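Working notes, structure below.
The values are calculated or read from the model by the stated rules, or taken from the named source; none is laboratory data. Quick caveat, the model's predicted, so the values are computed rather than measured. Every residue, glycine among them, receives a Cβ derived from its backbone with ideal geometry; neighbour counts consider all protein chains shown.
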Amino acid sequence: MADTQRETERKFEFTAGRADDGKPGGHGKRAKRSGKKQDAKHDRAARPAVPDLTGTAGIASVRDRGSTRLDAVYYDTPGLVLAADGLTLRRRTGGEDAGWHLKLPVAPGVRDEIHAPLSDTLPPDLAALARSRTRRSPLEPLVRLRSERHTRDLLDADGTLLAQLCTDTVRAERGKAATAWTEVEVELADAGDPSLLDTVTDRFAEAGLHPSDAPSKLARALTATGAPPPPPTRPGHAPADRTAGAHVLAYLREQRDALIAQDPAVRRDLPDSVHQMRVAIRRLRSALATHRKILDRAATDPVREELRWLGAELGADRDREVLLELLRARLAELPPDLRLGPVRDRLRTWNALRRKRTRRRAVAALDSDRYLALLDSVDALLADPPLRPAASRPAARQLPKALRHDWDRLADRIDAALALDPGEERDRALHEARKAAKRARYAAEAAVPALGKAARKQAKAAKSVQSLLGDHRDGVVAREALLGLGAQAADAAESSFTWGVLHAREEGRSARLEHKLPAIWAKAERRRAKAARK
């Protein structure tokens, strides 16, 4: 995978010229974020001087690094889907970081910049990171930015680098249209304190440089050269329409966007990314199942099945992660005299073999045509939703019915499981009850914007049951793994004693959890009933 960096910087721009058609070159406000970035631009035609920062925020001296010429070509699809989602992709020559750069939003106000070596064609790794947005659309040259960058190091009294001050004189070209401006950027070094940026912002404001609201340098170039704007950002989860249909569709869009946003993180193998992507998948599936009175299941059931497939492909890797954490914790709990043989090495080897298979399976799913077809089908469902008559009813009236239905479904599964004797059949029934608890919880959490406290209380009640049943399920899976580890140890002429001890302990934990379930369930029922009456 290509190199990654996360930057903390602020940019300040002012007009340094005019567009070639004689119109002002990029007046207005602009805001770009990369790492923790905040950009600012001066709106006057006159060019203010960049202030001397010596003595500001611990800056004791300034070291001139000279100038560099940069030449960057930005790429996007014909529909500008990358720009619409806050991504930028460029090929740049000149400077110390010549190559391909992809900037990905990872949190509000934060972008990771992924670097790949300079080549004539887009590296496959970077193309894959953008695929959940681009799908099958080609990436084409969009805008060329040629800059002269003057760099200064901002140092403290000991000569430690606090930040870099870069002044870019930029010329943007799109076809025959062109525009120019100057941009001043302050980027923190590892030793820099984020408060430095606030102080520098105040100092620059005094010099006539003020914040702007354009989302990126690319967006500024496109606007100034007369390019059509990117498509609007996808709607969020606060619809003005108070109908049940509008509420559910807004929630589905939110989960669709979360799924798409996690795709690059999963490909990069970032911590918790598989879990977060699976949560979005489960929430989508649960919402489509819960709201069958609002959305026609003839259209949604095929989508749910494909979401189930994707969740299963990703699930193998996530389940391995969870199981490894649990087994490590259980080993750590054992007294040293019960840890016989090379148990930690055995667990490490066991995980490494599984890791290769599950990781390969997850990435293969994301690289498949089936996955792209699934994303397209979710988009199509949201673009032309198969609404049923109940969708036009007020959300405050329709959603409680759906929540009640999911709770009753959970109650039936709990009762069925508790009626069984301990053993494999009950384990399976409790697993089904766990899935029902999760669905009831997701439905209630999604309804909070419309129903408020009552939905929040039902979500909390369902979560308490889900947590217990989740711990029980983890124990069932752990016992299966411990049997396998014991067998592997025996085959390798190692002691299998420790794995047997852990297996017995897991059986005891599962029995205690099953004993607690009736009381936890009764308490959840009371909470839910009390919330429903209010």
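The table below lists the values:
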{"read-out": "Residue in the range 133-141 that is within 30 Å of Pro78 (Cα to Cα), within 24 Å of the chain's Cα centre (by Cα) and β-branched (Val, Ile, Thr) present", "value": "yes"}
{"read-out": "Flag for Leu451 being out of contact with any Pro (no Cβ under 9 Å at 6 or more places or on another chain) and crowded, with 18+ Cβ neighbours inside 10 Å", "value": "no"}
{"read-out": "Residue identified as touching a His at 6+ places or on another chain (Cβ under 9 Å) and either more than 29 Å from His275 (Cα to Cα) or without any contact (Cβ under 8 Å) to a residue 24 or more places away in the chain (or both) among Ala419, Ala429, Ala391", "value": "Ala391"}
{"read-out": "Only listed residue being touching a Phe, Trp or Tyr at 6+ places or on another chain (Cβ under 9 Å), at negative phi, outside the structural domain of Arg344 (by TED's automatic domain parsing) and buried (at least 19 other Cβ atoms within 10 Å of the Cβ), chosen from Gly486, Gly475", "value": "Gly486"}
{"read-out": "Scan of the range 285-340 for residues that are surrounded by fewer than 17 Cβ atoms within 10 Å (Cβ to Cβ), under 23 Å from Asp269 (Cα atoms) and more than 21 Å from the chain's Cα centre (by Cα), ordered by number", "value": "Glu325, Arg328, Ala329"}
{"read-out": "Qualifying position, being in contact with a Lys or Arg (Cβ under 7 Å, 6 or more places away or on another chain), assigned to a helix (DSSP H, G or I) and at pLDDT below 95, among Arg361, Arg355, Arg308", "value": "Arg355"}
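Okay, residues lined up against (1) under 16 Å from Val266 (Cα atoms); (2) surrounded by 15 or more Cβ atoms within 10 Å (Cβ to Cβ); (3) modelled with pLDDT under 95; (4) in contact with a Gly (Cβ under 6 Å, 6 or more places away or on another chain):
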residue	(1), (2), (3), (4)
Thr88	no, yes, yes, no
Arg92	no, yes, no, no
Gly99	no, yes, no, no
Leu104	yes, yes, yes, no
Asp112	yes, yes, yes, no
Ser119	no, no, no, no
Leu122	no, yes, no, no
Thr134	no, yes, no, no
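This table checks each residue for (1) in contact with an Asp or Glu (Cβ under 7 Å, 6 or more places away or on another chain); (2) part of a helix (DSSP H, G or I); (3) at pLDDT below 95.
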{"residue": "Arg234", "(1), (2), (3)": "yes, no, yes"}
{"residue": "Ala238", "(1), (2), (3)": "no, no, yes"}
{"residue": "Asp241", "(1), (2), (3)": "no, no, yes"}
{"residue": "Arg256", "(1), (2), (3)": "no, yes, no"}
{"residue": "Ala261", "(1), (2), (3)": "no, yes, yes"}
{"residue": "Val274", "(1), (2), (3)": "yes, yes, yes"}
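Matching residues to (1) among the basic types (Lys, Arg); (2) in the same structural domain as Trp350 (by TED's automatic domain parsing); (3) under 23 Å from Glu325 (Cα atoms):
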{"residue": "Lys460", "(1), (2), (3)": "yes, no, no"}
{"residue": "Ser464", "(1), (2), (3)": "no, no, yes"}
{"residue": "Glu507", "(1), (2), (3)": "no, no, yes"}
{"residue": "Ala519", "(1), (2), (3)": "no, no, no"}
{"residue": "Lys523", "(1), (2), (3)": "yes, no, no"}
